[in-house]
Amino acid sequence: MPKALPVSAIRSMPYSDLERWWEVDFNTLTTTAVAEATGSVQPSVADALRSDDWIEQWADALYAASAELLSSTERMEYTQDERLKSTKRRSGLVTLRMQEANRLLRDRSKSQGWNMLASTNKNAYSASLAILGRHHAEEQRQLAEAEIARRGLAPHHPFWHTHYATKFDSIEDAVRHGLVHAPLTHQAKALLDMPVEDLTQRAAADVTRQEDRCEELRHPLLLRPWAEALERLRDEHCALNGMDPAFAVVLPGFDMRQLQSMNSDEAWKIINRRRFIRALAQRNRECQMHVRELTRAVAARLEEVKKPWMEAVAAASEELARKHPEQMKALLSAFQPFCIPGSVEIQREFLGGRGLVPRELIPELKKALADGTWQRLLDNPAE
């Protein structure tokens, strides 16, 4: 492959030709994102950028491009470059597209949040089983233990006592247990063994040379030290420019006339530091993207490991319901007005943090079981 694809070539290429480029070269994805934001591209490319497969990377590419264009406009304004007007226009168009991408990401996140919501929260039958299990906690525990033993499983899954304070903890533990396959190369190990100051300088070099990324920093075991190094660099360089520490591409404004009246070396230090701060924000976003992707992968692998135990517990819950049929019937009766007609799926409007089901109904049902008034639910279901 040549080092870079020109925008003119990208505009005429279909997604089938660009897909491999995007997979191996973030710069090409960024160039494509700018091309799409500022002019025409093939319809298949525009659709692919907005797809579930690429929308997060597209948003990250727009963020990176926005950072670079904002820095370019500052340099051009300082040097009175004749390209300033056109660059400002491109910067504005990229910012607008970035806002669109972020809106789409928020909408998708809400949808994913709903899809990932546990069935015990969305399904009246599952929710009733959960409430019944909490009320008969000791009986539920005994049934679960018996079912787990009957299936020949250990009393608990391998991660029973594991609790993670941060996402980095979960990722690192997953690597240690082989849930994530991430061989430690000599280069990556060398970075892990580096003194903090040296690793910070390595991260700074990675920020400065956009086209020469240090792949070892992206290793799962290095994501934490990489993120910490970026924070140290951010704090240092924001302080030098008199800014509050924050990862952002939109920085506080400054007086260009005052800058132009300064010593040239000092003026360029300010301009370059602002560019570096924006590049730090882009690298931090990329780091968080890797963390996000690995966290999902770890969660999926943990679900696979836990599945036999979860299935045993589910079977025990069903057995508990058979032992207390009237209570189960009462719970389902109370949920019915909140369900989609003809199903046990709870209507979305009644869920969420302020929905009637979690806020009022479930506490009432727990209380009814506790004080023995649950039988009234059979005659007077919730309105």
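Every number here is computed from the coordinates shown, using simple stated rules; none is lab data. This is a predicted model, so every value here is computed, not measured. Note that each Cβ is placed from the backbone with ideal geometry, even for glycine, and that neighbours are counted across all protein chains shown.
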Take Leu199 and decide whether it is touching a helix residue (DSSP H, G or I) at 6+ places or on another chain (Cβ under 6 Å), touching a residue at least 40 places away in the same chain (Cβ under 8 Å), of a type outside the set (Phe, Trp, Tyr) and farther than 27 Å from Arg301 by Cα. no
Assess whether Ala239 counts as being over 30 Å from Phe159 (Cβ atoms), in contact (Cβ under 8 Å) with a residue 40 or more places away in the chain and of a type outside the set (S, T, N, Q). no
Could you check, for region 113-123, whether at least one of its residues is within 21 Å of Ala279 (Cα to Cα) and surrounded by 15 or more Cβ atoms within 10 Å (Cβ to Cβ)? no
Lone qualifier among Ser40, Ser66, Ser16, Ser71 - being in contact with a helix residue (DSSP H, G or I) (Cβ under 8 Å, 6 or more places away or on another chain), part of a helix (DSSP H, G or I) and surrounded by fewer than 21 Cβ atoms within 10 Å (Cβ to Cβ): Ser16
Where the second residue is in a loop (DSSP other than H, G, I, E, B) and not aromatic (Phe, Trp, Tyr) and the first is without any contact (Cβ under 8 Å) to a residue 12 or more places away in the chain and lies in region 167-184, which pairs have Cβ atoms under 7 Å and are six or more apart or on separate chains? Asp173/Thr162
Six or more apart or on different chains, Cβ under 6 Å: which pairs go from a residue in region 67-88 that's over 23 Å from Phe247 (Cβ atoms) to one that's among the charged types (D, E, K, R) and part of a helix (DSSP H, G or I)? Could you list them? Leu84/Glu77
Is it true that Trp58 is farther than 24 Å from Arg89 by Cβ and either part of a helix (DSSP H, G or I) or not charged (D, E, K, R) (or both)? no
